[in-house]
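A.B. asks: There's a structure below that I have some questions on.
Derivation of every value follows stated rules applied to the coordinates shown; laboratory data play no part. Note that this is a predicted model, so its numbers are computed, not measured. All Cβ positions, even for glycine, are placed from backbone atoms using ideal geometry, and neighbour counts span all protein chains on display.
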Amino acid sequence: MTGSSAAAVNGGTPVRDTAQNPWPKWPIYDETEERALLEVLHSGAWWSVEGTQGKQFEHEFATFQDAKFGVNCTNGTAALEICLRALGIGCGDEVIVPPYTFVATASAVLAVSATPIFVDIESDTLNIDPNLIEAAITPRTKAIILVHMAGRPADMDAIPAIARKHGLYLIEDAAQAVGAAWRGTRVGAIGDLGTFSFQASKNLNSGEGGIILSNDEGLADKAWSVANVGRVRSGRWYEHQVLGGNYRLTEFQSAILRAQMTRVPDQTERRADNAEYLRSLLEGVDSIQLMRKDDRITTHANHLFTFRYKKEAFGGIGYANFVKALAAEGVPATTGYVPLYKEHLFARFTLKEGSWCQNSRTPNYPALVLPECEAICQDLVWIHQTALLATHKDMDDIATAIAKLGSVLK
Ligand SMILES: Cc1ncc(COP(=O)(O)O)c(C=O)c1O
């Protein structure tokens, strides 16, 4: 079919002309951020050792996320590595991780010479399946890293209970979950340690940046030491007690974060309202599958709005082409991750080409098949958080585009 009723990829008129009607720009800033940056500039205190911005942000963000302690660091990848080092995890140890996440969740484990053990996710939450964790625990297991994927809290009843039962540390990778809450408590310090990313796409953004949260002062101090070249908080300047690195944030980044923080409550609410409205439009649509509702989730951070498309309802069109067709209709849709264990990085370690610790088990990553993860890697559509800062009318366009493709691609 061609002409205005055809799919835009086939020459039809798109549902939305994004040149005329663009989606919200990101990042959002005004003179608040300008003033904050200039204040640091003029103060001359550009690094956190001298300035006050970093310390204030650590306190403000930790408080916001219901945590007692915060330790700033350069990014969410470093934050995970710092946590693992702070917990003394290394050669020969195993860490349970989900396979549907950004590479850092699992590569951080390799970076400390430990072994990531992938456990499948639930395809209707995108989070690690608590029912599969115990079978993966061995005498070598030291920790679980869960991810609050897409901003949706993982099961914070079941997973902490498993960690406690087996004496394992629990790290929450909350890179996508600023503001997310489970049964009224914000995520990040429900486990032993939590990590956040403030990279450009995240709901709270300073270009790059990260933080580690904890309610355990001893663990927070250890993380601080690793992030501050092995110093101890009460020690001399040239006193280095553990192996660390310089993972400090600049004062410019902390100032931007403090200014951006003032926007987080409203933006979180707006995303939630639009996500709820979009859900209501899509709930009866047979050609797609929405994520499961869970009343225990107080706040979903909606870093991503996701749904699974059913190939057969769209004329058998493949995943990449479906997303291309949706994007051509003016919807800011993308495909998502591939199963992490399929990345060559992990295969290399299996083949022992890397400088991996020799005391470990060597899982055969390329032979691994985690079916729920593999299924969603063929059909999960992502709509990024910035689109959720638009209006209900804009959400109508997303639903209209899906309905249109359902009828024209049949
Ligand atoms: C789930 C998850 N973990 C870790 C990271 C790493 O964060 P960063 O990019 O700040 O290193 C990201 C984001 O990129 C992420 O989405």
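A.B. asks: Taking the 0 to 90 degree range and rounding to the nearest ten, how far is the long axis of helix 251-261 tilted relative to the main principal axis of the chain, both from C-alpha atoms?
C.D. replies: 50
A.B. asks: I would also like to ask the following. Would you work out if the range 293-410 is rounded, prolate or oblate? Take a ≥ b ≥ c from the square roots of the eigenvalues of the alpha-carbon gyration tensor; rounded if a/c is under 1.5, else prolate when a/b is larger than b/c, oblate otherwise.
C.D. replies: Prolate.
A.B. asks: Same structure again: Using alpha carbons only, how many degrees (0 to 90, rounded to 10) separate the axis of helix 76-86 from the longest principal axis of the chain?
C.D. replies: Long axis of 76-86 versus the principal axis of the chain: about 40 degrees.
A.B. asks: Looking at the square roots a ≥ b ≥ c of the eigenvalues of the Cα gyration tensor of the range 11-113, which shape do they give, rounded for a/c under 1.5, prolate if a/b is larger than b/c, or oblate?
C.D. replies: oblate
A.B. asks: Hey, can you rank 28-34, 394-400, 249-255 by average C-beta count inside 10 Å, highest first?
C.D. replies: Going by the mean number of other Cβ atoms within 10 Å, highest first, we get 249-255, 394-400, 28-34.
A.B. asks: For the range 82-179, list log₁₀ I(q)/I(0) at each q in 0.21 Å⁻¹, using the Debye formula over Cα point scatterers of equal strength and ignoring solvent, two decimals each.
C.D. replies: Relative scattering, expressed as log10 I(q)/I(0), comes to -1.05.
A.B. asks: Any idea how far apart ALA111 and HIS42 come out in nm if each label point goes 7 Å out from Cα toward Cβ?
C.D. replies: 3.7
A.B. asks: What residues qualify as long-range amide H neighbours of ALA175, i.e. H under 5 Å apart, gap of 5 or more or another chain, H built at 1.01 Å from N?
C.D. replies: Counting only residues 5 or more places away or on other chains, the set is HIS148, SER197.
A.B. asks: Additional query: Along Cα→Cβ, 7 Å out, is where each label goes; now give me the distance between the ones at ASP294 and GLU239 in nm to one decimal.
C.D. replies: In this crude label model, ASP294 to GLU239 measures out at 4.4 nm.
A.B. asks: Hey, another quick one. What is the fewest-to-most order of VAL71, VAL264 by other Cβ atoms lying within 10 Å of their Cβ?
C.D. replies: Listing VAL71, VAL264 from fewest to most nearby Cβ atoms yields VAL264, VAL71.
A.B. asks: With r as the distance between the Cβ atoms of ARG140 and LYS68 and R0 = 41 Å, compute the FRET efficiency 1/(1 + (r/R0)^6) and round to 0.05.
C.D. replies: 0.85
A.B. asks: Now for a separate question. Pick out, from ALA86, VAL112, VAL15, the residue whose Cα sits farthest towards the positive end of the charge dipole of the range 1-138, with +1 on the Cβ of Lys and Arg and -1 on the Cβ of Asp and Glu.
C.D. replies: The one lying farthest along the dipole's positive direction is VAL15.
A.B. asks: Would you list which lysines come within 23 Å of LYS25, measuring only between C-alpha atoms, while excluding same-chain residues fewer than 8 positions from it?
C.D. replies: Excluding near neighbours in sequence, the set is LYS202, LYS324, LYS393.
A.B. asks: While we're on this one: Quick one: Debye curve from the alpha-carbon atoms of the range 141-261 only, equal weights, vacuum; give me log10 I(q)/I(0) at q = 0.11, 0.13, 0.16, 0.17 Å⁻¹ to two decimals.
C.D. replies: Per q value, in the given order, log10 I(q)/I(0) is -0.42, -0.58, -0.85, -0.94.
A.B. asks: Something else about it: Would you calculate a helix-derived [θ] at 222 nm for the chain, using -39,500 (n - 2.57) for each DSSP H run of n ≥ 4 and dividing by the full residue count, to the nearest 500? Provide the component values of the computation, followed by the final result.
C.D. replies: Working: 13 runs with 141 residues, N = 410.
Per the formula, -10500 deg cm²/dmol.
A.B. asks: Which FRET efficiency, nearest 0.05, do ARG164 and TYR319 yield, Cβ-Cβ r, R0 45 Å?
C.D. replies: 0.70
A.B. asks: Hey, how many Å between the Cα centroid of the range 86-105 and the Cα centroid of the range 1-68?
C.D. replies: Using only Cα atoms to place each centre, the spacing works out to 29 Å.
A.B. asks: Using a Cα-Cα cut-off of under 19 Å, which aspartates and glutamates could be cross-linked to LYS310, ignoring same-chain neighbours fewer than 8 residues away?
C.D. replies: Straight-line reach from LYS310, under 19 Å: GLU122, ASP124, GLU283, ASP286, GLU329, GLU372, GLU374, ASP379.
A.B. asks: So in the chain, which Cys have no other cysteine's beta-carbon sitting under 4.7 angstrom from theirs?
C.D. replies: Result for the chain is CYS73, CYS83, CYS373, CYS377, no neighbouring Cys Cβ within the cutoff.
A.B. asks: Ok, one more. Could you tell me the calculated FRET efficiency between ASN131 and ARG183, based on Cβ-Cβ distance and R0 = 22 angstrom, to the nearest 0.05?
C.D. replies: On the way: r = 20 Å, r/R0 = 0.89.
So the FRET efficiency works out to roughly 0.65.
A.B. asks: How far is helix 392-408 tilted off the main Cα axis of the chain, in degrees rounded to 10, range 0 to 90?
C.D. replies: 60
A.B. asks: Now, a different point. Bin width 20 Å, alpha-carbon pairs only: give the P(r) of the chain as whole percents, running from 0 to the bin holding the largest distance.
C.D. replies: Pairs per bin, as whole percents: 26, 54, 19, 1.
A.B. asks: Further, regarding this structure: Hey, which lysines would be in cross-link range of LYS165, C-alpha to C-alpha under 27 Å, not counting anything within fewer than 8 residues on its own chain?
C.D. replies: Straight-distance partners of LYS165: LYS68, LYS142, LYS222.
A.B. asks: Give the order of HIS384, HIS59 when sorted by the count of other beta carbons within 10 angstrom, beginning with the fewest. Can you show the working numbers first?
C.D. replies: Details: HIS384 17, HIS59 13.
Least crowded to most crowded, the residues run HIS59, HIS384.
A.B. asks: Rg and Dmax of the range 31-260, Cα atoms, in Å?
C.D. replies: 17.2, 56
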